[in-house]
Amino acid sequence: MDRTFNTEDEFRAFAGEFGRSLHAGEVVGLSGPLGAGKTTFVQSLVRARTGSDPTSSPTFTFWQRYAGEPPIDHLDLYRVDDPSDMNELGLDEAFDGSSIIVVEWWRNAPALLPPVHYEVEIDGSGTGPRRVRVTRT
Ligand SMILES: Nc1ncnc2c1ncn2[C@@H]1O[C@H](COP(=O)(O)OP(=O)(O)OP(=O)(O)O)[C@@H](O)[C@H]1O
Ligand SMILES: [Mg+2]
């Protein structure tokens, strides 16, 4: 899938639609430059699935779990330099198949993603349009 959204509302609506199609155990890796809209995508996905606004997490929180059916784990690996750091973070709990997992900056720890996952690549910046490509490996 490769689509372009001219407004943030359209972009958010797509993220919600995509989010509603997900099931427990599915993993989504988000990529794209700073400010492309990765967090906005996750927040819209969470809102669509849970009906409530996710509280914006403090920047030092790299792992946020949202209650839902199933729960949604949002990881932000922006600050991960060494993927082996991930071993100590207790992420097994997130990857036990009982939640939906969305990972921002997943390329900082590519081995974290299971072989089967979605990749969402977002391009664009500022108030300009966003190009979104979704692939499933
Ligand atoms: N068409 C659009 N689609 C998506 N976001 C848009 C659009 N136009 C403007 N924006 C704005 O772009 C910003 C995207 O920021 P966001 O934090 O989601 O990016 P990010 O990819 O998570 O960045 P970072 O790499 O810093 O985590 C938001 O402030 C959003 O309001
Ligand atoms: Mg972000």
The lone exception for residue 65 - which of (1) away from ligand 1 (no atom under 16 Å from the Cβ); (2) within 13 Å of the chain's Cα centre (by Cα); (3) crowded, with 16+ Cβ neighbours inside 10 Å it fails: (3)
Strands (runs of 3 or more DSSP E) contained entirely in segment 1-116, each with at least 3 residues that are touching a residue at least 40 places away in the same chain (Cβ under 8 Å) and touching a strand residue (DSSP E or B) at 6+ places or on another chain (Cβ under 8 Å): 2-5, 27-31, 100-104
Of all residues in segment 92-116 being over 16 Å from residue 24 (Cα atoms), surrounded by 11 or more Cβ atoms within 10 Å (Cβ to Cβ) and among the hydrophobic types (A, V, I, L, M, F, W, C), the one that is nearest to ligand 2 (Cβ to nearest atom): 105
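Table: residues versus (1) modelled with pLDDT under 95; (2) away from ligand 2 (no atom under 16 Å from the Cβ); (3) of a type outside the set (Phe, Trp, Tyr); (4) touching a Pro at 6+ places or on another chain (Cβ under 8 Å).
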site: 4; (1), (2), (3), (4): no, yes, yes, yes
site: 8; (1), (2), (3), (4): no, no, yes, no
site: 16; (1), (2), (3), (4): no, yes, yes, no
site: 30; (1), (2), (3), (4): no, no, yes, no
site: 33; (1), (2), (3), (4): no, no, yes, no
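The values are calculated or read from the model by the stated rules, or taken from the named source; none is laboratory data. All of these numbers come straight from a predicted model, not from anything done at the bench. Every residue, glycine among them, receives a Cβ derived from its backbone with ideal geometry; neighbour counts consider all protein chains shown.
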